[in-house]
Amino acid sequence: MGVLDGRVAVVTGASGGIGSRIAVALAREGAAVVVHYAHRQEAADAVVAEIVALGGRARAVAADLTRPEQAAAVVAAATDAFGRLDILVNNAGTTRDGLVLRMTDEDWQQVLATNLSGAFYCIRAALREFLRQRSGRIINVASAAGQAGNAGQANYVAAKAGLIGLTRAVAREVGSRGITVNAVAPGYIAAGMTERLPSGTTARYLQQIPLGRAGTPEEVAAAVVFLASDAAAYITGQVLNVDGGMIMH
């Protein structure tokens, strides 16, 4: 018996890195999962195959989340395929790093559109289902960078900080309807973007982490599973840092 038996989840940006581990972790606990991807169909299909091999149910769905109608279609795919929706994990994100003076309008707008507006569009669509059933879990994957700032990432930091604010605003709006809205804020995680950093940059990050190591995608996924479960029913509007102590409030 899994803690999420009978529930249905949408995970955006689930074709690789942290998102794929979130999708698999939710499935291990019994949830059927819509695996959203933007471009990497083969990778998304591999995540679906991994879930099916575990005895779970999953479906891959492509969408450009910067377009409201496509974000709504991802949410609709859950009810079409599995009959309901219980959990929305907004994990999709992108980076276009650069110093502010050199950052183009397109670099700014694309990151905000994907990392923040895309999450908003998915939340708005999911709330229609959640309000109808008077229950639901929204978990937004923010970032420790959205709390502490990061030179060369003004667009990414602004989007992730905005996502934290969005989390709290929506939590206040829908709490009376049995819907919780929380965020996880990963720190330095050994996946995706961080794997492409120079070794010197990695060493500097590790010096800032009390636990002295990078985190794993599975550790982020475990936090998401907790927030999606009944064990977290009295937690809303919170940011759970999964960062080895890098940022302490």
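Would you pull out the residues with amide H under 5 Å of Ala60's amide H, same chain only if 5 or more places away, H placed 1.01 Å from N?
HN-HN under 5 Å from Ala60: Val35.
Enter the accessible area per residue of the chain (Å², integer; probe 1.4 Å; all protein chains in place).
Accessible area per residue, the chain: 46 Å².
Could you give the dipole magnitude of segment 119-189 about its Cα centre, charging the beta-carbon of Lys and Arg +1 and that of Asp and Glu -1, in debye to the nearest 20?
The dipole of segment 119-189 has a size of about 300 debye.
Can you name the helices of the chain, as whole DSSP H runs, whose Cα span along the helix axis is 24 Å or more and whose Kyte-Doolittle mean is not below -1.0?
Span-like helices in the chain: 154-174.
At a probe radius of 1.4 Å, what is the per-residue accessible area of Arg96, in Å² to the nearest 10?
Accessible area of Arg96: about 80 Å².
Enumerate the amide H contacts of Gly237 below 5 Å, restricted to partners 5 or more residues apart or on another chain; note that Pro and chain-start residues carry no placed amide H.
For Gly237, the qualifying residues are Val181, Asn182.
How much length is gained if the chain between Asp230 and Thr79 is pulled fully straight, taking 0.36 nm per residue apart and subtracting their Cα-Cα distance, in nm to one decimal?
Extra length from Asp230 to Thr79 when fully extended: 52.2 nm.
Explain nothing, just the number: dipole magnitude of segment 64-157 about its Cα centre with +1 on each Lys and Arg Cβ and -1 on each Asp and Glu Cβ, in debye rounded to the nearest 20.
420
Where in segment 1-34 does the label zone of Ala222 land, with the point 7 angstrom along Cα→C-beta and an amide N cut-off under 20 Å?
1-5, 17-31
Mean separation of Cα pairs under 8 Å and 6+ residues apart, divided by the residue count of segment 19-75: what relative contact order is that in percent?
Result for segment 19-75 is 34 percent.
Below 8 Å between Cα atoms, with a sequence gap of 6+, how large is the relative contact order for segment 57-112 in percent?
20
If you roll a 1.4 Å probe over segment 1-52 with all protein chains in place, what percent of the accessible area is carbon or sulfur?
Reported share for carbon and sulfur atoms: 50 percent.
Can you order the peptides 209-221, 33-45, 126-138 by their average number of other Cβ atoms within 10 Å per residue, highest first?
Put in order of decreasing packing, that is 33-45, 126-138, 209-221.
In the set (1) 18.3, 60; (2) 22.1, 75; (3) 17.0, 54, which value of Rg and Dmax of the Cα atoms in Å was calculated from the structure you see?
Recomputing Rg and Dmax of the Cα atoms in Å here picks out (3).
Could you identify which residue out of Ser20, Ser176, Ser229 has the top mean-square fluctuation in a GNM of the chain using Cα springs shorter than 10 Å?
Top of the fluctuation ranking is Ser176.
With a 1.4 Å probe and all protein chains left in place, how much of the accessible area of segment 122-249 comes from carbon and sulfur atoms, in whole percent?
C and S fraction of accessible area: 54 percent.
When the dipole is taken about the Cα centre of the chain, and only Lys, Arg (+1) and Asp, Glu (-1) are charged at their Cβ, what size is it in debye, to the nearest 20?
Its charge dipole is roughly 460 debye.
Once you order the gyration tensor axes a ≥ b ≥ c over the Cα atoms, which shape class does segment 1-94 get: rounded for a/c under 1.5, otherwise prolate or oblate by comparing a/b with b/c?
Oblate, because a/c is 1.5 or more while a/b does not exceed b/c.
Taking +1 at the Cβ of each Lys and Arg and -1 at the Cβ of each Asp and Glu, which of Ala76, Leu54, Thr95 sits farthest along the dipole of segment 36-115 towards its positive end, judged by Cα position relative to the Cα centre?
Looking along the dipole axis, the top candidate is Leu54.
Work out, step by step, the length gained on full extension between Ala148 and Ala190: first 0.36 nm times the residue separation, then minus their alpha carbon distance; give nm to one decimal.
13.2 nm
What relative contact order, as a whole-number percentage, does the chain give when Cα pairs under 8 Å and 6 or more residues apart are counted?
Result for the chain is 19 percent.
Rounded to the nearest Å, what's the spacing between the alpha carbon centres of segment 95-153 and segment 1-44? Just the number, please.
Rounded to whole Å, the Cα centres lie 19 Å apart.
Work out, step by step, the length gained on full extension between Arg172 and Asp97: first 0.36 nm times the residue separation, then minus their alpha carbon distance; give nm to one decimal.
Between Arg172 and Asp97, full extension yields 23.8 nm more.
The values are calculated or read from the model by the stated rules, or taken from the named source; none is laboratory data. None of the values given here were measured: they were computed from a predicted structure. Using ideal geometry, Cβ is built from the backbone for each residue, glycine included, and neighbour counts are taken over all protein chains shown. Just the protein is used for accessible areas: all its heavy atoms, side chains included, with ligands, DNA and RNA removed. Shrake-Rupley method; radii C 1.70, N 1.55, O 1.52, S 1.80 Å.
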